[in-house]
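The values are calculated or read from the model by the stated rules, or taken from the named source; none is laboratory data. This structure is a prediction, so every number in the text was calculated from the model and none was measured. Quick reminder, even Gly has a Cβ in these numbers, built from the backbone with ideal geometry, and neighbours come from all protein chains shown. Ligands, DNA and RNA are excluded from the accessible area calculation, which covers all protein heavy atoms including side chains. Shrake-Rupley method; radii C 1.70, N 1.55, O 1.52, S 1.80 Å.
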Amino acid sequence: MTHAIGRRQFLEGAGATLLGGALAGCSFGVLESKSRSAPSPALRLPRLRASVDRITNITVCTRPFRAQGPRLDVEKIQGKTVVHNYGHGGSGWSLSWGSSAIAAENAMASGERQVAVIGCGAMGLTSALLLQRAGAHVTIYAKELPPNVRSSLATGLWTPDSRICFEREATPEFRQLWQKMARRSFATYQTLLGLSANPVEFIDVYLVSDGQNAARGLPSDDPRPKFAELQRELVGDLTTRAEDFAPGTHPFGERYVKRAALMMFNLTAYTHLLMADFFAAGGQIDVQEFHTPVDFARIREKTLVNATGYGARALFGDQSVIPVRGQLARMIPEPQIDYGILYNGAAFVPRRDGLVFQMIGPDDYYGFNDDTAVPDRAEAELAVNTIAGLFGPA
Ligand SMILES: Cc1cc2nc3c(=O)[nH]c(=O)nc-3n(C[C@H](O)[C@H](O)[C@H](O)COP(=O)(O)OP(=O)(O)OC[C@H]3O[C@@H](n4cnc5c(N)ncnc54)[C@H](O)[C@@H]3O)c2cc1C
């Protein structure tokens, strides 16, 4: 039997961006099952030590969602050329190289070779590196640096359409732009595989469900705008097909299991790599906060890339940036665990820098328009216990 699972259902449900939306913003639409003619052999997995006493940290962060997608236009402010590169929802890491390539090109088109990048998250770092590679001298100005930026609190999966825009705003032009960004990013990430400390790697992720038709997403009669799901249609060739495991052929009892490969970012090692490359190419960092765009007058560069993420909402008064709350529970790393799980609204990702558990909710509205930064211990424990429950008593 062959059926498709929306990646958004699997990933987003998990990290919102993770597997369901790769966990939070994903559906399984892109995970089409392989033919039953070649059944997968029985599945064995090292047992995950998931228990709430092993939680080391609970972090909360807001995704910078814009209904119309990221802002990438160029404007003049106080005589400076401001190249925008913000508002990537739950897809910031996934689209970073492609989006920042557009920003770097726009900045270089100004003719300036001394360029400022405002922000040191996923967008700021990749913009800075691409500008350096294009021949610019770059200074990053930011009020926070990794690991104290929002990007450091992401799930760490390649989920390029997770809460990237509303479906109704996904015009043909936007779809073309998104595809370009996704493909450019994916290609760049392939050059970062196989490095020491594994900044980027592929993992197997298991979508486990109690019934045969697990689904995550808005019911068809829900009046709220739907989030765009672009991955399957536009870059489906970059995604593996899912393999089915029938009840009895896997460690999760009578449940239904699907497996697919996903690209994962070990954000601690990956961010170190980006920072090291930036410094090695002569980059400088200046820690400072801008309260209004008028404050840009105090920096010497005439061209700057605005990569302030959720910070653009306050800095530019851009109310189109909507917070989407996401919480991660981090757990003591287990190097032998190399698979992720999505089950019953909870997601697990085997990051080398700390296992990640999260609730991804029934659909992408989970956490929408919620800027509450207070960790919720009960939510963290629910995520851990939901995944732990799959393994039964030790
Ligand atoms: C729970 C969760 C899970 C996620 N999972 C994934 C995932 O698996 N895959 C994925 O691709 N994406 C994921 N995302 C989304 C991703 O984290 C964001 O899209 C991304 O971090 C945005 O990066 P950024 O560089 O634009 O912003 P940020 O990381 O917020 O960086 C902004 C920078 O600008 C600086 N700044 C802001 N305002 C000012 C100011 N006024 N003055 C000076 N400096 C300023 C900040 O200090 C910071 O350095 C997730 C998000 C969340 C919340």
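Tabulated data for the structure shown
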read-out: Scan of the stretch 96-149 for residues that are in a loop (DSSP other than H, G, I, E, B), within 14 Å of the ligand (Cβ to nearest atom) and of a type in the set (A, V, I, L, M), ordered by number; value: 145, 149
read-out: Meets criteria (under 16 Å from the mean Cα position of the chain (by Cα) and among the aromatic types (Phe, Trp, Tyr)) for residue 343; value: no
read-out: Some residue of the stretch 32-51 being within 13 Å of the ligand (Cβ to nearest atom) and either closer than 22 Å to residue 328 by Cα or at pLDDT 65 or above (or both); value: no
read-out: Condition broken by residue 324, with the remaining ones in (1) of a type in the set (A, V, I, L, M, F, W, C); (2) within 18 Å of the chain's Cα centre (by Cα); (3) away from the ligand (no atom under 11 Å from the Cβ) satisfied; value: (3)
read-out: Test set (1) in a helix (DSSP H, G or I); (2) open to solvent by 30 Å² or more (accessible area, probe 1.4 Å); (3) under 20 Å from residue 82 (Cβ atoms); (4) among the small types (Gly, Ala, Ser) - residue 317 fails condition number; value: (1)
read-out: Meets criteria (of a type in the set (S, T, N, Q), open to solvent by 10 Å² or more (accessible area, probe 1.4 Å), in contact (Cβ under 8 Å) with a residue 60 or more places away in the chain and more than 9 Å from the ligand (Cβ to nearest atom)) for residue 288; value: no
read-out: Unmet criterion (only one of (1) open to solvent by 60 Å² or more (accessible area, probe 1.4 Å); (2) small (Gly, Ala, Ser); (3) touching a strand residue (DSSP E or B) at 6+ places or on another chain (Cβ under 8 Å); (4) within 30 Å of residue 301 (Cα to Cα)) for residue 283; value: (1)
read-out: Subset of the stretch 366-392 (residues that are crowded, with 19+ Cβ neighbours inside 10 Å and either touching a helix residue (DSSP H, G or I) at 6+ places or on another chain (Cβ under 7 Å) or polar (S, T, N, Q) (or both)); value: 384, 386
read-out: Selection status of residue 223, without any contact (Cβ under 8 Å) to a residue 60 or more places away in the chain, more than 16 Å from residue 95 (Cα to Cα) and either part of a loop (DSSP other than H, G, I, E, B) or hydroxyl-bearing (Ser, Thr, Tyr) (or both); value: yes
read-out: Odd one out for residue 333, checked against (1) of a type outside the set (Gly, Ala, Ser); (2) surrounded by fewer than 24 Cβ atoms within 10 Å (Cβ to Cβ); (3) touching a residue at least 60 places away in the same chain (Cβ under 8 Å); value: (3)
